[in-house]
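> Can you keep this structure in mind? I'll have questions shortly.
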Ligand SMILES: NC(=O)c1ccc[n+]([C@@H]2O[C@H](COP(=O)([O-])OP(=O)(O)OC[C@H]3O[C@@H](n4cnc5c(N)ncnc54)[C@H](O)[C@@H]3O)[C@@H](O)[C@H]2O)c1
């Protein structure tokens, strides 16, 4: 078991048999409630040690549609029913839906009780459980109600990935690739060598990945500056995800981020920030690892409402987070409409014809 210290909750990475019970005991909780969704209750709960089977459990239906205040009320109801007090601990066993919602429910209950995360999806292990952002969706807006609140610790056990559906793996992989591009040439080297990741290599890869996210959020826990680097690929990615939401073939978050990273890398290259070699290798790895969806990219006009509505906008204009080399990222970079249009045109061409460079 490896431990990565972080201001937003130490991260233990390894087999849960290697001390999960001890870590929970060390918190000396007066009571414990487990939170899971129906899938993680079925697939992941049986892997936890016998002590965990004696704890009461609150099970929610799975999926983003249930990341709501109604679900929080169910959790709070279970907390009251099981007499959780301020010395108690909530154990969140699930993907990002459960860790976001559980963290928020714990942050509000009796003005805040302790919680721990046991992420079970790759996105949860690579991203959502780390960094202390909690929250729920509200009136159709993602993560509109929430709080910055760190778990006591996070336990990442790649063994949970064995039951995760393939489509869900891609969502997490996209974030690993993003972390490598914005923050770690070492993680990049790992990704450049082997795809898919052999079973035994996940621990090292997720440890390198967690180092990147921890370094960024520890320096900027409340997203005042550096943390915006994590938005690389997400400005255009979110716009694409939103545009395709009501189309016959919606994009998953990971698919949208993969396309967003391609377009935003192109923008970084066109602006003269990212050199030809790095741009070329970034597109190759994204093509190899994330097999971008061969879809027709909508026009700038069609995406504009979402680009303008993006939370990262500065003074009415979108501020992009763009890599200037592999392992480093600049934030709040303005882009003109024409630059965005060119990047979208290149992406369309790239998806239709393969890896040609802009202007070629
Ligand atoms: N807090 C943050 O910083 C942050 C960062 C990124 C994403 N998020 C949030 O994370 C959420 C998405 O996370 P997600 O992709 O993990 O979604 P999710 O929690 O909905 O999990 C995806 C699906 O996989 C299932 N699942 C999870 N682990 C499993 C396992 N081991 N075996 C079988 N099935 C399993 C779940 O039941 C669900 O059906 C979004 O709500 C997003 O807003 C938060």
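The values are calculated or read from the model by the stated rules, or taken from the named source; none is laboratory data. Remember, predicted model here, so these are calculated numbers, not experimental data. We place every Cβ from the backbone using ideal geometry, glycine too, and count neighbours over all the protein chains shown.
> Filter region 13-49 down to residues that are farther than 24 Å from residue 164 by Cβ and surrounded by fewer than 19 Cβ atoms within 10 Å (Cβ to Cβ), then give me how many there are.
Total meeting the criteria: 7.
> Still on this structure: Which residue pairs have Cβ atoms closer than 6 Å, lie 6 or more positions apart in sequence or on different chains, and pair a first residue in region 209-228 that is more than 21 Å from residue 125 (Cβ to Cβ) with a second residue that is assigned to a loop (DSSP other than H, G, I, E, B)?
Close Cβ pairs (under 6 Å, with a partner that is assigned to a loop (DSSP other than H, G, I, E, B)) amount to 226/220.
> Further question on the same structure: Of the conditions (1) modelled with pLDDT of 95 or more; (2) under 18 Å from residue 341 (Cα atoms), residue 243 clears all except one; give me its number.
Here residue 243 clears every test but (1).
> Does region 14-73 hold any residues that are within 15 Å of the ligand (Cβ to nearest atom), assigned to a helix (DSSP H, G or I) and over 24 Å from the mean Cα position of the chain (by Cα), and which are they?
Scanning region 14-73 gives a single hit, 46.
> Please work out which one of (1) more than 23 Å from residue 131 (Cα to Cα); (2) at pLDDT below 95; (3) crowded, with 18+ Cβ neighbours inside 10 Å is the condition residue 282 fails and give its number.
Here residue 282 clears every test but (2).
> Continuing with the same structure: Looking at region 326-337, which of its residues are assigned to a strand (DSSP E or B) and on the phi > 0 side of the Ramachandran plot?
If the condition is that a residue be assigned to a strand (DSSP E or B) and on the phi > 0 side of the Ramachandran plot, then 332 is the only one that fits.
> Determine whether residue 103 is within 19 Å of residue 223 (Cα to Cα), part of a loop (DSSP other than H, G, I, E, B) and within 9 Å of the ligand (Cβ to nearest atom).
For residue 103, the condition - within 19 Å of residue 223 (Cα to Cα), part of a loop (DSSP other than H, G, I, E, B) and within 9 Å of the ligand (Cβ to nearest atom) - is not met.
> Between a residue in region 160-171 that is within 16 Å of residue 203 (Cβ to Cβ) and any residue that is near the ligand (Cβ under 6 Å from one of its atoms) and part of a helix (DSSP H, G or I), which pairs come within a Cβ distance under 8 Å, given they are 6 or more apart or on different chains?
Short answer, once both residue conditions are applied: 160/43.
> Out of the residues in region 86-100 that are near the ligand (Cβ under 9 Å from one of its atoms) and in contact (Cβ under 8 Å) with a residue 60 or more places away in the chain, state the one that is surrounded by the most Cβ atoms within 10 Å (Cβ to Cβ).
The residue in question is 98.
> OK, next. Examine region 172-185 for a residue that is touching a residue at least 24 places away in the same chain (Cβ under 8 Å), more than 20 Å from residue 348 (Cα to Cα) and surrounded by fewer than 19 Cβ atoms within 10 Å (Cβ to Cβ), and state whether such a residue exists.
Yes, that holds for at least one residue.
> Further, regarding this structure: Can you confirm whether region 50-64 contains a residue that is in contact (Cβ under 8 Å) with a residue 60 or more places away in the chain and under 22 Å from residue 127 (Cα atoms)?
Within region 50-64, one or more residues are in contact (Cβ under 8 Å) with a residue 60 or more places away in the chain and under 22 Å from residue 127 (Cα atoms).
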